[in-house]
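Read through the structure below, which is laid out as structure tokens, and then see the notes.
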Amino acid sequence: MEKAVLWLYENDAELEMPYDTKLGALLYAEDFKNSIRPSMFRELNVIRLNGNNAVHGKTVNQYEALHSIKNLFRFLSYVSVYYSQRNPDIPPFNETFLPSGEAEEKATAILKREAEQLQSELDALKESLKKQQELAQENEALKKQLSQKERVVKDQKPSAHYLQIGRKKIFGFAHAGCETGVLERSAHRPWGRLT
């Protein structure tokens, strides 16, 4: 409505734009008020009041909204008839072209279900990611433990037991009838004697 009123001020030579260009001031300007019927002025004022209520968070019920739409239709029909170069054919107002709200409710319900499904999938993915991160941390800790143990084993000197086993394998003592494979050194055999 505001655009149509501004268009009238810009294109009708009899209307002079007031200093205050708010919609209320444009409607209440004497030039404009005198150019339309009083019933149309009341209709435009109803549109303005309902629009202000809606914009500022006050509730506008469906009947008030429908009444405002009908008033706007009449005003735009007036502008079309009186300011067109051709005489337009304007059909009567038809409420069936207005959305009933059922489609919006269905769409809202579908969107809500999809949002819930997506949220549950997101929660599952977050849980899976959390488990993967925990496993990765556990894996990293195990790698560090293994690395430390490998360093300890590498730095350790072999014990006497491992040396004995190694000598058995190298020198073949196990099959020569020797149980222990330990060399005993004696004074008369400096290289040692097998016991």
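A few points about this structure:
- Criterion applied to V46, V60, V55 was being at pLDDT below 90, surrounded by 12 or more Cβ atoms within 10 Å (Cβ to Cβ) and of a type outside the set (S, T, N, Q), and the one residue passing it is V60.
- Hits in the range 26-71 (condition: within 24 Å of E95 (Cβ to Cβ), in contact (Cβ under 8 Å) with a residue 40 or more places away in the chain and of a type in the set (A, V, I, L, M)): L44, I47
To keep it simple, each residue is scored yes or no on (1) of a type in the set (A, V, I, L, M, F, W, C); (2) closer than 22 Å to S39 by Cβ; (3) modelled with pLDDT of 90 or more.
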site	(1), (2), (3)
P88	no, yes, no
T96	no, no, no
K106	no, no, no
A109	yes, no, no
E114	no, no, yes
Q117	no, no, yes
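To keep it simple, each residue is scored yes or no on (1) in a helix (DSSP H, G or I); (2) under 17 Å from W7 (Cα atoms).
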{"site": "F41", "(1), (2)": "yes, yes"}
{"site": "L44", "(1), (2)": "yes, yes"}
{"site": "L49", "(1), (2)": "yes, no"}
{"site": "N53", "(1), (2)": "yes, no"}
{"site": "E64", "(1), (2)": "yes, no"}
{"site": "N71", "(1), (2)": "yes, no"}
{"site": "I90", "(1), (2)": "no, no"}
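- Complete set of residues in the range 16-25 that are part of a helix (DSSP H, G or I) and either without any contact (Cβ under 8 Å) to a residue 24 or more places away in the chain or basic (K, R) (or both): A25
The values are calculated or read from the model by the stated rules, or taken from the named source; none is laboratory data. Since the model is a prediction, treat every value here as computed from it, not as a measurement. Positions of Cβ are backbone-derived with ideal geometry, glycine not excepted, and every protein chain shown enters the neighbour counts.
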